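All remarks here apply to the structure that follows.
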Amino acid sequence: MSQNAPSHDAARRGEGAVSVVLPFYNEEGYLGATLASLAAQTRPPAEMLLVDNASTDASVEICRAFAADHPEIKVRVLSVETPGKIHALEGAMAEIATEFAAFCDADTYYPPHYLALADRLFAEGGAKTVAAMAVGVSDGRGARFQRFKGAFVGRLLAKQCHTGGYGQVFRTEALRRAGGYCVDRWRYVLSDHEIMQRVLQHGRGAYHPDFWCRPSDRRTDRSGVRWTLAERLLYHLTPFQLKNWYFYKFLGPRFARRGLMQTRLRTQSWKNDSP
């Protein structure tokens, strides 16, 4: 599927409308709760694109049951067989036909005001606001501090990414102008940061302490999917004008040598953890 324009099947475009894009792979333990939180939004999505990435469990059945139980929401279950989240996201690009696109993870809770606040941030920021980025918080007393700290850092270092792929909402036109999700551009982990450095070349991002979501904490061992402390520090120190060099000349080759491809994200080591 081409990423540059929506297909005829996705030709319903509405000003101010948002599509939820949710890729998944073997997420039967989390998917139901995530979908329920999205269905409970005070500002419902115009469409939900649920992208199966070759699941072998009951994830697809959960999505189809959700669609049947929520006829008020336009839900489409897509299939992208090539392994890797980036392939699923790239496959969904051509199907987005709304002004905004919210990219969500299958193991994340989204509070009822999530999409409504994203809409407000875009409206208040005007056409130059190309992304609204939610702060990821944990469940507990520290959540309030995390929200305000994340929003503060996001405003202070405005041309950097401070949230994961679970909490990014884009102006669709800006996302397409940036090239969208594309495996030929980036096939490694950290695609959430890579896509942001391209999108932010077309405008600014917005953070707010009340714009948050709660990802699961199941991946306690991130050694197989993380960047090093030195790589992270250099990311923050590299001027925005040199971020292309940082990703494509510096970080990409290092990730390639360490085998940090997108398919690493499919390893679900927590399923083998002892109770």
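In straight-distance terms, cross-link reach from Lys243 covers every one of the aspartates and glutamates whose alpha-carbon lies under 16 Å from its own, apart from those fewer than eight places away in the same chain; here that gives Asp192, Glu194, Glu231.
Charging the Cβ of each Asp and Glu at -1 and of each Lys and Arg at +1, and nothing else, the dipole of segment 95-188 about its Cα centre rounds to 480 debye. About its Cα centre, the dipole of the chain is roughly 1340 debye, where the only charges are +1 on Lys and Arg Cβ and -1 on Asp and Glu Cβ. A probe of 1.4 angstrom, applied to the heavy atoms of all protein chains, finds Met261 with accessible area near 60 square angstrom. Relative to its residue count, the chain spans a Cα convex hull of 132 Å³ per residue. In terms of the Cα gyration tensor, with a ≥ b ≥ c the square roots of its eigenvalues, is segment 138-275 rounded because a/c is under 1.5, prolate because a/b exceeds b/c, or oblate? Verdict is oblate for segment 138-275. Ranking Arg226, Arg257 from most to least accessible surface, computed with a 1.4 Å probe over the protein chains only, gives Arg257, Arg226.
Which length gain, in nm to one decimal place, applies between Arg232 and Tyr248 when the Cα-Cα distance is subtracted from 0.36 nm times their residue separation?
Stretched out fully, the Arg232 to Tyr248 stretch lengthens by 4.3 nm.
Nonpolar atom fraction for the chain, defined as the carbon and sulfur part of the 1.4 Å probe accessible area, stands at 54 percent. Were the residues from Asp57 through Thr267 laid out at 0.36 nm apart, the gain over their Cα-Cα distance would be 74.1 nm. A 1.4 Å probe run over the chain, with the rest of the protein chains in place, finds 46 Å² accessible per residue.
When only Cα pairs under 8 Å and 6 or more residues apart are kept, what is the percent relative contact order across the chain?
Once normalised by length, the contact order is 21 percent.
Note: relative contact order over segment 54-181, using C-alpha pairs below 8 Å and six or more positions apart, is 31 percent. Against the empirical curve 2.2 N^0.38 Å, the C-alpha radius of gyration of segment 52-180 lands at a ratio of 1.16. With 0.36 nm allotted per residue and the present C-alpha distance subtracted, the Arg177-Arg64 stretch has 37.4 nm of extension available.
DSSP assigns beta bridges within segment 32-184; of those with both partners inside it, close to 60 percent run antiparallel.
Considering only Gly259, Phe152, His87, and ranking their Cα positions along the charge dipole of the chain that arises from unit charges at the beta-carbon of Lys, Arg, Asp and Glu, the one farthest toward the positive end is Phe152.
For segment 116-273, the relative contact order works out to 31 percent when only alpha carbon pairs closer than 8 Å and six or more residues apart are counted. Placing unit charges on the Cβ atoms of the charged side chains and taking the dipole of segment 1-142 about its Cα centre, the candidate lying farthest along the positive direction among Phe66, Pro112, Leu50 is Pro112.
Take 86-93, 242-249, 172-179 and order them by the average number of nearby Cβ atoms within 10 Å per residue, most first; the result is 86-93, 172-179, 242-249.
Note on Lys128: lysines with a C-alpha under 18 Å away, same-chain residues under 8 apart excluded, are Lys159. Bridges between two residues of the chain, per DSSP, are antiparallel at a rate of about 35%. In this simple spin-label approximation, Phe145 and Lys159 carry label points 7 Å from Cα along the Cα→Cβ vector, and these lie 3.2 nm apart.
The values are calculated or read from the model by the stated rules, or taken from the named source; none is laboratory data. This structure is a prediction, so every number in the text was calculated from the model and none was measured. When we count neighbours, we look across all protein chains shown, and the Cβ atoms used for this are built from the backbone with ideal geometry, even at glycine. Please note that ligands, DNA and RNA were not included when accessible areas were found on the heavy atoms of the full protein model with its side chains. Shrake-Rupley method; radii C 1.70, N 1.55, O 1.52, S 1.80 Å.
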